[in-house]
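Quick notes on the structure that follows.
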Amino acid sequence: MTTSAAAGARATVHGYPRQGPNRELKKAIEGYWKGRVGADALRETAAGLRRANWQQLADSGIHEVPTGDFSYYDHVLDTSVMVGAVPDRHRADVEADALDGYFAMARGTQDLAPLEMTKWFDTNYHYLVPELGPDTVFTADSAKQVAELGEALALGHTGRPVLVGPITYLLLAKPAPGVSAGFEPLTLLDRLLPVYAEVLSDLRAAGAQWVQLDEPALVQDRSPAELNAAARAYRDLGALTDRPQLLVASYFGRLGDALPVLAKAPVEGLALDFTGAGAANLDDLAAAGGLRGKRLVAGVVDGRNVWINDLGRSMATLATLLGLADRVDVAPSCSLLHVPLDATTERDVDTQVARWLAFARQKTSEVVTLARGLTEGAESIAAQLAANRADLLSRVGSALTHDPAVRARSAAVTQADARRSLPYAERATAQRARLGLPLLPTTTIGSFPQTAELRTARADLRAGRIGAEGYDERIEAEIREVISFQEKAGIDVLVHGEPERNDMVQYFAEQLTGYLATQHGWVQSYGTRYVRPPILAGDISRPEPMTVRWTSYAQSLTDRPVKGMLTGPVTMLAWSFVRDDQPLAETARQVALALREEVNDLEAAGGSVIQVDEPALRETLPLRSADHEAYLYWATEAFRLTTGGVRPDTQIHTHMCYAEFGDILQAIDDLDADVISLEAARSHMQVADELATAGYPREVGPGVYDIHSPRVPSADEAATLLRKGLEAIPAERLWVNPDCGLKTRGWPEVRTSLENLVAAAREVRSGI
Ligand code: GLN
Ligand code: ZN
């Protein structure tokens, strides 16, 4: 190790969780919305959280703290404000009151739609999509960035402002309403760069030595034109004289063709991800001849999972990197926004497992340790390395991570297990005979309204005000109501309504061995919505049936088929923290085998229709298209493994929401489900067309009731959509259902909407 090059390696982070140890920010913002918290009090809470975060980072040994990564709602929305890209419809609100106008853009008002929200790359964080058009005029507003940097400097910290970079900002934008769909926001680059220049100049004047520009969009497939735009952007920004030093940060994977572009750019630093798919950056960097004259911020600690780092391995990576850049600093791979705050607050987690967990605070300590090892030599962190090795070994050797029975079952899986015993056409005939359904059968997606009474029942159970028996009685009462309503409404395939489920992933995670729940593991999903993803910690097994008693109870109340309802393996992974000590495909297979037992038990209990939801199949698609095939291979296999063990005359349904299915049509076919229900009401049944064009041979239920709105569709409206569906899908294969589950809706609207839906099905049926 060349100690001279390592001199002064430092630790830093790209960004930090915003919410506070007890989600103080959420409470303050929601209080502000309700009028219970004043604007000044909200600002004071926010400033206090920033202060506490910086202090904590500095105390743990971080030299340069991120500033401006804090947000009242979303950092992409903050960027839109910074560049003056406020949609016309919100301008008056923003001018009247900047804070209220900001929240109006985020959440909408009585009359004005909010900005659209979508997922931030392949994370579960959602950002607000910038709306741009040929008439967009950018203007610089650096006030927030300057103020937050000022706060950090005043407290004695070295602050590094973090901005969304101009290329990523434009690539994440979409054409504003009324602008042609073909408009490419990237064509606005020349207009945007002067605004960034102004912000950089303001930040320099305010005392910034470095500014970080986040360009995660460059780890996705990018066209030569887009790479040229990136080259131009950083050539122009680099050429500015009145600016701080620039650190261009990439994360969420491998830069690929964008690496030489950034390596050549006249900026002073680059941050690269060396975890997961980003590991390839190491060879790419060597091939590009390294980063002569530049600072490299090495993301060696995974910023998205909850596991301790392999410090020895990271030290080896860092040692290699030392030869490839002028200065190497150590960081997590991305902002720590995507992990919970502090693993030591998890008191209920088994003490052995606790040693394996690293949330934001622990990851911060890890990068500090690694920076020290890099600067002072591995001997200086010998104790930490030894403890880390012991913790990692305890994980490898643990009975939780290695259950021989689960391993054996997984190893014994054959192709045949992932295949139904008869092809679809023959199954369809058998199912028709068994179920005796009318043409255009009606059904729902699973959940019925989660009422205040149900939430109270769960709270009462947790608080010990009622026992398990009392709780079960309340759930049964709800099931009786749901079944009796559906019978009266004339629905053909009933559901039990999922009243016992707090959440479609957590409910199963709580019952599977190998899955952990956290008490305080909150991460931001969007705005003030935080979720606590469960942790896939060990080998997965199912000690007991999870849903059979509720489905059977529902079935005992009616002669119509009751559809069993499960969350599929891919969605179970997508909405959890996954293991990093085995391939995702193996974890998926274990979850699939556990769910398969449940599917088989539902069938054995008399179930003739079973639905396995996979709403996350599309959203977990890897960022690079070269990785799609491998992902879809194991993802669809896991689904087929879950459902492959039932009789031909048992009907398997699946369900997906979110309207973009274009690039996974083949995968949808590969699931080999008998029936698929999809979101379609808003896009006028477009998905039915797409599936038909792709030659999809099975039954389809494109939603005819938009459940994202309290609006009740009339029977005529639903019938019109159904007729539209019939143009693409023949009547023998068309189902009638809402877009998604009804859990967020109220009973009165659900009642009328479903009655209208049945009326529409009857009317269209009678005309066939
Ligand atoms: N069965 C689930 C429900 O109805 C499906 C939810 C979803 O697709 N997100 O609530
Ligand atoms: Zn859905």
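The values are calculated or read from the model by the stated rules, or taken from the named source; none is laboratory data. Values in this document were obtained by computation on a predicted structure and should not be read as measured data. All Cβ positions, even for glycine, are placed from backbone atoms using ideal geometry, and neighbour counts span all protein chains on display.
Scanning segment 685-721 for residues being of a type in the set (G, A, S) and within 12 Å of I668 (Cβ to Cβ) gives a total of 2. Just to be sure I understand the filter: pairs with C-beta atoms under 8 Å, separated by 6 or more residues or on different chains, first member in segment 484-508 and farther than 15 Å from P738 by Cα and within 16 Å of ligand 2 (Cβ to nearest atom), second member basic (K, R) and at pLDDT 95 or above. Which pairs pass? Within 8 Å, the pairs are E498/K743; Y507/R501. Determine whether segment 623-631 contains at least one residue that is crowded, with 19+ Cβ neighbours inside 10 Å, touching a residue at least 60 places away in the same chain (Cβ under 8 Å) and more than 16 Å from ligand 2 (Cβ to nearest atom). No, that holds for no residue.
Restricting attention to segment 117-153, the residues being of a type in the set (A, V, I, L, M, F, W, C), part of a helix (DSSP H, G or I) and crowded, with 17+ Cβ neighbours inside 10 Å number 3. Are there helices (runs of 4 or more DSSP H) fully within segment 531-613 with at least 3 residues that are of a type outside the set (S, T, Y), more than 17 Å from Q651 (Cα to Cα) and more than 16 Å from ligand 1 (Cβ to nearest atom)? List them. In segment 531-613, 584-604 are the helices (runs of 4 or more DSSP H) which contain 3 or more residues that are of a type outside the set (S, T, Y), more than 17 Å from Q651 (Cα to Cα) and more than 16 Å from ligand 1 (Cβ to nearest atom).
Conditions tested, residue by residue: (1) in contact with a helix residue (DSSP H, G or I) (Cβ under 8 Å, 6 or more places away or on another chain); (2) over 25 Å from T443 (Cβ atoms); (3) away from ligand 1 (no atom under 16 Å from the Cβ).
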position	(1), (2), (3)
L617	yes, no, no
L621	yes, yes, yes
D649	yes, no, yes
I664	yes, no, no
I668	yes, no, no
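Say whether the condition of being within 16 Å of ligand 1 (Cβ to nearest atom), closer than 26 Å to V609 by Cβ, of a type in the set (V, I, T) and not assigned by TED's automatic domain parsing to the domain that holds V353 is met by at least one residue in segment 469-476.
So in segment 469-476, the residues within 16 Å of ligand 1 (Cβ to nearest atom) come out as 475.
Imposing the further condition that a residue be closer than 26 Å to V609 by Cβ reduces the set to 475.
If we keep only those that are of a type in the set (V, I, T) as well, we get 475.
The next check asks that each one be not assigned by TED's automatic domain parsing to the domain that holds V353; those that pass are 475.
So far as segment 469-476 goes, yes, one or more of its residues are within 16 Å of ligand 1 (Cβ to nearest atom), closer than 26 Å to V609 by Cβ, of a type in the set (V, I, T) and not assigned by TED's automatic domain parsing to the domain that holds V353.
Of the candidates L742, L734, L691, the single residue that is of a type in the set (A, V, I, L, M, F, W, C) and within 16 Å of ligand 2 (Cβ to nearest atom) is L742.
Out of the helices (runs of 4 or more DSSP H) lying entirely within segment 324-428, which hold 2 or more residues that are assigned by TED's automatic domain parsing to the domain that holds L270? Per the criteria, 351-354, 360-376, 382-396. Of the residues making up segment 568-616, just one is buried (at least 24 other Cβ atoms within 10 Å of the Cβ), over 20 Å from I540 (Cα atoms) and within 16 Å of ligand 2 (Cβ to nearest atom), namely Q611.
Taking strands (runs of 3 or more DSSP E) that fall entirely within segment 166-279, which contain at least 2 residues that are under 23 Å from A85 (Cβ atoms)? Please lay out each step first, then the result.
On the way: elements: 210-214, 245-249, 269-273.
Fully inside segment 166-279 and qualifying: 210-214, 245-249.
Condition test on R243, is it in contact with a Lys or Arg (Cβ under 7 Å, 6 or more places away or on another chain) and in contact (Cβ under 8 Å) with a residue 12 or more places away in the chain? Considered against the rule, which asks whether it is in contact with a Lys or Arg (Cβ under 7 Å, 6 or more places away or on another chain) and in contact (Cβ under 8 Å) with a residue 12 or more places away in the chain, R243 comes out as yes. If A681 satisfies all but one of (1) of a type in the set (G, A, S); (2) surrounded by 24 or more Cβ atoms within 10 Å (Cβ to Cβ); (3) within 16 Å of ligand 1 (Cβ to nearest atom), what's the number of the condition it fails? With (1) of a type in the set (G, A, S); (2) surrounded by 24 or more Cβ atoms within 10 Å (Cβ to Cβ); (3) within 16 Å of ligand 1 (Cβ to nearest atom) applied to A681, the lone miss is (2). K724 fulfils the conditions (1) surrounded by fewer than 20 Cβ atoms within 10 Å (Cβ to Cβ); (2) of a type in the set (K, R); (3) under 20 Å from G446 (Cβ atoms) except for a single criterion, (3). Of the residues in segment 714-768, how many are more than 16 Å from ligand 1 (Cβ to nearest atom) and assigned to a helix (DSSP H, G or I)? Qualifying residue count for the region: 31. Going by the conditions given, is V704 more than 22 Å from R745 (Cα to Cα) and within 16 Å of ligand 1 (Cβ to nearest atom)? So V704 fails the test.
The residues of segment 441-457 that are away from ligand 2 (no atom under 16 Å from the Cβ) and in contact with an Asp or Glu (Cβ under 9 Å, 6 or more places away or on another chain), listed by number, are P441, T442, T451, E453, L454, A457.
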